[in-house]
1. Along its three principal axes, how long is region 2-212 when you only count alpha carbons? Whole Å, largest extent first please.
2. If I take every Cα pair under 8 Å that is 6 or more residues apart in region 51-100, average their sequence separation and divide by the length, what percent do I get for the relative contact order?
3. Give me 109, 191, 100 sorted ascending by neighbouring Cβ count inside 10 Å, so fewest comes first.
4. Using Cα-Cα distances under 8 Å and only pairs 6 or more residues apart, what relative contact order does the chain have, in percent?
5. Starting with the fewest neighbours, write out 3, 189 ranked by other beta-carbon atoms found within 10 Å of each beta-carbon.
6. With runs of 4+ DSSP H residues as the only contributors, calculate the mean residue ellipticity of the chain at 222 nm using -39,500 (n - 2.57) per run, divided by the residue total and rounded to the nearest 500.
7. Does region 1-113 classify as rounded, prolate or oblate by the C-alpha gyration tensor (a ≥ b ≥ c root eigenvalues; a/c under 1.5 gives rounded; else a/b over b/c gives prolate, otherwise oblate)?
């Protein structure tokens, strides 16, 4: 189980009713919870057994939940929070070959309605399929670097019963570097960039994170 409570700060730019608009927003984002389990491989092991294990292919599944706890103002088009629930079931396969690990994942986002969109409008969003792939190279134990790609399709919206022509068909690339500080802590640097963006955010981001493992 993983829990993320984000705080967002940044600038968004886009075209609204043929006008180019720039807004700055900050505030608490929506709480994210992720439950995951292994369907095949990856048996529970003690620390010594884990170090001595022979890596093998694993198959896993997860469910991510976005809880509408973030800051939201119905009068604004851009908000840190989304004022709706979202769910993402996903399955993935990981195959290690020497120091390399290859991963593929497929899932779909499912959304509830936002009944306070720009005042009292009802905004619905159709499901959106996602496909991800990545390759990881282990430099030494707990230090690794990865390259990733992702593709999203779907997610068109309906406002007060009127469908919009905003079906997404976007591709992303990214990279991650993880550096261990000690047995329980590590630092991560993540870079992501939009390659093709039909509808949605055309992003270019860098994230630095700190990870602490209790066990």
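1. Taking max minus min along each principal axis of the Cα atoms, region 2-212 gives 59, 31, 30 Å.
2. Once divided by the residue count of region 51-100, the mean separation gives 46 percent.
3. Values: 109 20, 191 14, 100 11.
Going from least to most buried by this count: 100, 191, 109.
4. Values: 526 pairs, mean separation 23.3, N = 215.
So the answer I get is 11 percent.
5. Values: 3 9, 189 14.
Listing 3, 189 from fewest to most nearby Cβ atoms yields 3, 189.
6. Per the formula, -500 deg cm²/dmol.
7. prolate
Laboratory data are not the source of any read-out in this text; all were calculated from the coordinates shown. Just so it is clear, the model here is predicted, and its values are computed rather than measured. Neighbour counts run over all protein chains shown; Cβ positions are idealised from the backbone, glycine included.
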